[in-house]
1. If you take the square roots of the eigenvalues of the alpha-carbon gyration tensor of the stretch 40-158 and sort them as a ≥ b ≥ c, do you get rounded (a/c under 1.5), prolate (a/b over b/c) or oblate?
2. Sort 96-106, 81-91, 141-151 for me by packing, meaning the mean count of neighbouring Cβ atoms within 10 Å per residue, highest on top.
3. Trp137: accessible area at probe 1.4 Å, nearest 10 Å²?
4. If you stretched the chain out fully between Arg99 and Leu116, how much longer would it get, using 0.36 nm times the residue separation minus the C-alpha to C-alpha distance?
5. Once Lys and Arg get +1 and Asp and Glu get -1 on their Cβ, which of Leu96, Leu154, Val106 lies farthest toward the positive end of the dipole of the stretch 82-178?
Amino acid sequence: MEHMHEGHEGHEDRDCHEAHHGHGPANEPEHHAPAHAHGAVGPVSWGMAARATLHCLTGCAIGEVLGMIIGTALGWGNVQTMILAIVLAFFFGYALTLRGLLAAGVDPRTAIRVALAADTLSIAVMELIDNGVIALWPGAMDAHLSEPLFWIVLAIALAAAFVITTPVNKWMIGRGKGHAVVHRYHH
């Protein structure tokens, strides 16, 4: 398939350039330009995707552990504690992104919109996997913070969430979504 595109690479770029500047054929509207003209950033390294995932994982882990500690301290049941942990995971995931954006001089309203766009899918996938592992692991939901089972299963759940979410982030960044949006404000 590669050989089919070799002879057309220059044409794609020219067509995109012409359509973008209004010099293309009159009957070809701008929205027919190639995908790379609409925010796709092209090939993304696994390292970049892993760093974006690690960023989300850090916020999720802080929220998860804090939620478990608070829920346990208040004597809440498993469902209430898990809901609190998920809410805090989203909160801290967004907060880490907001901190970086605000430090880069982005206004608060834009920073919130960018954080929501950049992190929502990543955190949602991470939380689904993380909490799914914990919920399905025998005895994990009833393990107390002082028990090794709690920490071992949490570590396994976070590792699984990282492994499964990294390709999601790679796909999103490659299309100009997710953390690609955040990187535009840091450069």
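The values are calculated or read from the model by the stated rules, or taken from the named source; none is laboratory data. A quick note: this is a predicted structure, and the numbers were derived from the prediction, not measured. Counting neighbours? That spans all protein chains shown, and the Cβs are built from the backbone with ideal geometry, glycine included. The area values use the complete protein model at the heavy-atom level, side chains included, leaving out ligands, DNA and RNA. Shrake-Rupley method; radii C 1.70, N 1.55, O 1.52, S 1.80 Å.
1. prolate
2. 81-91, 96-106, 141-151
3. 100 Å²
4. Length gained, Arg99 through Leu116: 4.8 nm.
5. Val106
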